[in-house]
Every structure is written in C-alpha cells, then in structure tokens.
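Each reported figure results from applying straightforward, stated rules to the coordinates on display, with no laboratory input. All values reported here derive from a predicted model rather than from experimental measurement. Note: ideal-geometry Cβ built from the backbone for every residue, glycine included; neighbour counts use all protein chains shown.
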Amino acid sequence: METRSTKKVLLALIALVLIGLPGMLLAATPPCTSITNYATVNFKVGGVSQPAVNSNTASFTVGVKVRIVVTNNDTTNVTVSPGTTKAALKFTVSNEGNATNDVALSYVAAATGTPSPYGSGNDSFDGTTIAIYEDTNGNGIFEDGTDQPSTTINDLAPGSSKGYFIVYTPNDLTQPPGSIAVYYLVAQAKWADGTNITEGYINVTDGMAGGTACGAGGTTVDVVFADDNGPAPDTYDGTRDGKHSDDGAYIVQNATITVSKSSAVYSDPVNGTTSPKAIPGAIVTYTITITNSGNANATVTVTDSLATQISNGYLAFKTQFNDGVNSCAADEGIVVDGTCKTNPNDGDNADWNLTTANTVTVTNLTVPAGQNKVVKFQVVIQ
Amino acid sequence: MLIKRILSVLLVIVFALVGSVYAAGVEVKSVAEVEVKVKNEKGEFEAKRIEAAKANVGPGDEVIFSNYYVNNGDQPVTDVVILNPVPMHTVYVEKTAGGDFTKIEFSVDGGKTFDVPENLKVKDKKGRERIAKAEDYTHIRWIVTKPVPPKEGGVVYFRAKIK
C-alpha cells in the first residue's frame, strides 16, 4: 500500500514537472512546410465496383508567424530599499510563433503618473542604475552573480521560453516610502541570423528562420507579425509590430524614524507623588518615544547621555525605576517597551554607564512600520 | 432544378480552372481555401474565400478543404464514397465536415475503420478508453446516399487548423 501511494505521489510529481516545465508549449508547424490534401473516390456503375479515382493534390506552403510574448511574473509591487541590494522584476519571454527567433530586449521607464499594474499608486520616479539580466540558471529567482546581464536572446526556438529580470540597484534611492516606479520589458523579434524582420511575401532562408523547411536558398512565403499590443506606449510596442511588452513595478520600502523626549516630575521629598515639584531630591521620568511612520520595520539604537548634567552636579541616574506603572527591581533603571532592564548588563540590549559612560544605551530595538516604542528612565535632581 | 444546373455549371468552371483529373465515370477535384475578411463597397467586412496557395497561411489558421466530384460518364453511378485523409500538420475542426446527401464518418486508426463521432474511441497512454476528439481523427469519408446521374455531382468539405 505504501509503495503504491509513494508511486502515485511520484507520478503526480513527474506530471507536475512536465506540465510546469517552461518552454514546453505545443510546437507549431515550421515555416515553408508544404501542406497537401487529396481525396480518393470509390463508386459503382451498374452495380459493379470501378477502380478508385484520386483527386489532384491541393497544396500550399505555411508562412512565418512571428509572435514573441512577454509576461511579468510578479504578483505584487517589488519592494526596493535604499542601499546596494538589487531588486528584480521577473519576466518570461516566450516564442509563440513557428520560426526560431533572436530577440532584442530593452527596458522602458513608464511616464510619471502611470498606474502600477499591481496597485498601491502611480509611477513617481525612475531609478538610475537599471539593467536587464538573464535568468541564467532558469530557476525563476534573481541571483546576483549567478544570473548575468544580457539584452539579446540567441535562437529562441518556437514553443520555448526564457526568464529575464529588470534589475534596479538602489544605491541612490531617496524617494519616500510608498513611491512607485513602473518599468516595461520590451522584446523585439529578429530573424535567427540577427537581422530585422519585415512583414510581407518574401524569400525566407533556413538561416533566417533557424533551420526549417525553407532551404538554404530560401522559399518565398508570407511573413506575418502576430503579436498583441503590450502595455508599453505604442512608440515602443504596438499591435502587430514584431514587439511585445509587459510591465512590473517597484515600491519604495523604507523606515521613517522620529524621536521625541519628554520629562515629568514623578515625586519629590516633600509632596511625594502628589503634585510633586522639581526640587532637589525630586525624581524625574524621561520618556523617549521612537516612532516609525515608514512602511518598513526599523531596528534602532537609542542613546541618551547625562554626562554633562552629572558632571555639572545637576542630576544623578536613578538605578531602580519606578513610575507607578513599571516598578522595577534593584539595578533595573531602564524600561524598554514596558519591560524592566538591568543597568550593568547589556546582554538584555539595554545598559547604563556600560557601553558609554553616564549614558543610557538601548540596542536592537525593532520599531515595526507604523508603530512606536517607548524607552523610560529616571533621574534624581541634585 | 435551377440550383442543380448552377451547381453543374460551377463544377464545370472549377474543373476548367484547376484542370481536371480524368477517369472513367467520376472525376474529383480537391481545393484548399482560406476565409479572409475584406471590406466591401459599403465599408462592411465580409468573408471571402481565397485559394490557400495564394493566401497567407500560418499556424493556428483554419483552411477549408473541398472535394468537388462530378459524374462525367453516361450512366448513373452509385455507392460513391469519398475518402480524405486529414492533411499532415493539421487537425480537423469539429463539426465542419459537410456535403448534401452524404453520411459522414471518421477514422481514428489511419483509415482502417470508420464510424460516427459518438462511437469513436481511442486509448490514452494508460490504456483507458475515451471518446475520440476531433484532433484524433486521421481520415474522413463521405458516403453519398443517392445515385449520381450523368453530368451531375456535388461537393464535400471540411475545415482543418494548421498546427
């Protein structure tokens, strides 16, 4: 039973692989193929069977259908963040015609205001460093170093396809989070020998159509562009012009951090916590709020130095925090996001007077997109 | 009667145009055409048939194959059966075979046996039987159901798509 089900799973997997394998479209009849038809008639005269009669052979020659199809394979806007990490828009270029073609690839930045095919806004900027890369190992994933820059496909056979990427290196990206950049990948079909294709009733050779029935000297057949009009402007890709395009879009992902600090007297030696005043011996709570208004999570380090105030003799750090909300243990003077942290140990990502003298240091503090985090500590007025 | 006479005239024209194949009694002429849309004087699009050899034919296009037959003998002929293999590189287009006074059958085994579509079965790769599809057909045959008098004939036809 187990063996059988394993076999079934294996067969299913093989079937999936076969179905999913790129470049396995049904191959079309090659250019210059002669198609012939004839009929045979049997009949009787006076009840006696007569010899069968054949018709003439009606024949015609199959022309060249040029149809390159570009498909964007992203399912959403591709995020790009300032830095050196390249961001890739994923495309497939397929030959749905019947001749082997070379293909010239180019990218076009969409005009400002062009809506993203995946929503979330309109094009508002262009990148500076953009290049087209071949999916060299054909795994559908952009791998810098493995996948190589390329703008031509040599001999794309009918029914086959190849993966390509538009790659953006965002080392000069300064756009605010949520900004959109739309790009088109445009593919232009060429003859297999790299020359330009023109429509018409022309002499097509094996060299042009890539090893077919046309012969080395050629056969005169009809050459037809059968491509659709892709989303790129008609200047770059119109209907039946031997070119096709599809679009993808980048969305800027970035954190926008703002910090605010406030202070409040918590208690004084005379009034306690009831209407306390800022008199010597009073305890003051400092509250630092880190807000992330961007669309990417941020990990921040917070430092607040009391060195000047301490050396001037104005303040002292309170080593045990208590503001009535968070009541910490001894040697816990810092509260991060509602959790008490120890002063002398930075293993908990918070310390006092350890990383830097007379300074509160909070490290590895993650502030999710659209949220804020609060750091609190207290001082005693001298 | 008039229609018949027109048909006869048309057949004569077809044979005159394409050049006939002579045989005692029955002659048959095979023609391959494509339908193209052309603008008429009123600016409307209408379908026009042109010879496939003079047209632009590529993968995915549909071709109309017609066999014109005529009895050139001086006696009526009976039991006329016209057999047409589906041309290589093409697939038969479902429900396009026709012809007056004919019973149409198909073969899925290279012309060994014939039957109507609902009775035709093929085996898939796992050996399971299924009803044959149009793309499984290898041959078409038209059984003319009435005698053909001298100087008369008819036309049988089908459409196939270029692979």
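Report, in listed order, any pair from A:162/B:133; A:65/B:95; B:103/B:123; B:29/B:54; B:95/B:121; A:65/B:39 with a Cα-Cα distance greater than 22 Å.
With Cα atoms farther than 22 Å apart: A:162/B:133; A:65/B:95; B:103/B:123; A:65/B:39.
If you project the alpha carbons of chain B onto their three principal axes, what span does each projection cover, largest first, in Å?
54, 47, 25
Using modelled amide H (1.01 Å from N, peptide plane; none on Pro or chain starts), what sits under 5 Å from the amide H of residue B:97, excluding residues fewer than 5 places away?
Residues meeting the amide H criterion: B:159.
How shielded is B:45-55 by partner chains, expressed as the average number of their Cβ atoms within 10 Å of its Cβ atoms?
Mean partner shielding for this stretch: 2.
Enumerate the aspartates and glutamates that residue A:341 could reach by cross-link, defined here as Cα to Cα under 15 Å, with residues fewer than 8 away along the same chain left out.
Answer for residue A:341, where 15 Å is the Cα cut-off: A:323, A:331, A:332, A:351, listed by chain and number.
Please compute P(r) over all alpha-carbon pairs of the protein assembly as shown, binned at 20 Å starting from zero, and give each bin as a whole-number percent.
16, 29, 24, 15, 10, 5, 1
Taking every residue in B:152-162, how many Cβ atoms of other protein chains lie within 10 Å of its Cβ, on average?
Taking all residues of B:152-162 together, the mean is 1.
When the helix-only estimate is applied to chain A (DSSP H runs of n ≥ 4, each -39,500 (n - 2.57), divided by the residue count), what is the mean residue ellipticity at 222 nm, nearest 500 deg cm²/dmol?
Calculated mean residue ellipticity at 222 nm is -2000 deg cm²/dmol.
For the charge dipole of chain B, defined by +1 on Lys and Arg C-beta atoms and -1 on Asp and Glu C-beta atoms about the Cα centroid, which residue among B:78, B:63, B:132 has the Cα displaced farthest towards the positive pole?
B:132
Counting other Cβ atoms within 10 Å, keep those with at most 16, restrict to DSSP loop, and tell me which GluC sites (Glu not before Pro) in the stretch A:75-161 are left.
Sparse-neighbourhood loop GluC sites (Glu not before Pro): A:143.
Which semi-axes, in whole Å and largest first, does the equivalent ellipsoid of the stretch B:40-110 have when worked out from the alpha carbon gyration tensor as the square roots of 5 times its eigenvalues?
They are 29, 20, 12 Å, listed largest first.
Sort A:185, A:365, A:173 so that the residue with the fewest other Cβ atoms within 10 Å of its own Cβ comes first and the one with the most comes last.
Sorted ascending by nearby Cβ count, the order is A:365, A:173, A:185.
Where a Cα-Cα gap under 19 Å defines reach, which lysines qualify for residue A:277, not counting those fewer than 8 residues away within the same chain?
A:318
Mind checking the angle between helix A:2-20 and chain A's longest principal axis? C-alpha axes, 0 to 90 degrees, to the nearest 10.
Helix A:2-20 sits roughly 80 degrees off the main axis of chain A.
Mind computing the radius of gyration and Dmax over the alpha-carbon atoms of the stretch A:64-252? Å is fine for both.
Just the Cα atoms of the stretch A:64-252 yield Rg and Dmax of 17.7, 59 Å.
How big is the Cα convex hull of the stretch A:158-281 in projection, averaged over all directions, in nm²?
If you wrap the Cα atoms of the stretch A:158-281 in a convex hull and average its projections, you get 15.4 nm².
Can you tell me the dipole magnitude for the protein assembly as shown around its Cα centre, using point charges on the Cβ only (Lys, Arg +1; Asp, Glu -1), in Debye to the nearest 20?
With Lys and Arg at +1 and Asp and Glu at -1, about 1900 debye.
Taking the dipole about the Cα centre of the protein assembly as shown, with the C-beta of Lys and Arg at +1 and of Asp and Glu at -1, give me whichever of A:171, A:154, B:99 is farthest to the positive side.
B:99
If I model the stretch A:199-346 as equal point scatterers sitting on the Cα atoms and use the Debye formula, what is log10 I(q)/I(0) at q = 0.13 Å⁻¹?
Log10 of I(q)/I(0), two decimals: -0.82.
Can you list the aspartates and glutamates whose alpha carbon sits under 13 Å from that of residue A:243, skipping same-chain ones fewer than 8 residues off?
A:96, A:102, A:199, A:227, A:228, A:234
Can you sort B:88, A:208 by how many other beta carbons sit within 10 Å, fewest first?
B:88, A:208
Apply the Kirkwood formula to the stretch A:294-336: the hydrodynamic radius equals the inverse of the mean of 1/r over all pairs of different alpha-carbon atoms; give it in Å with one decimal.
13.0
Return A:334, A:180 ranked ascending by Cβ neighbour count within 10 Å, so the fewest neighbours appear first.
A:180, A:334
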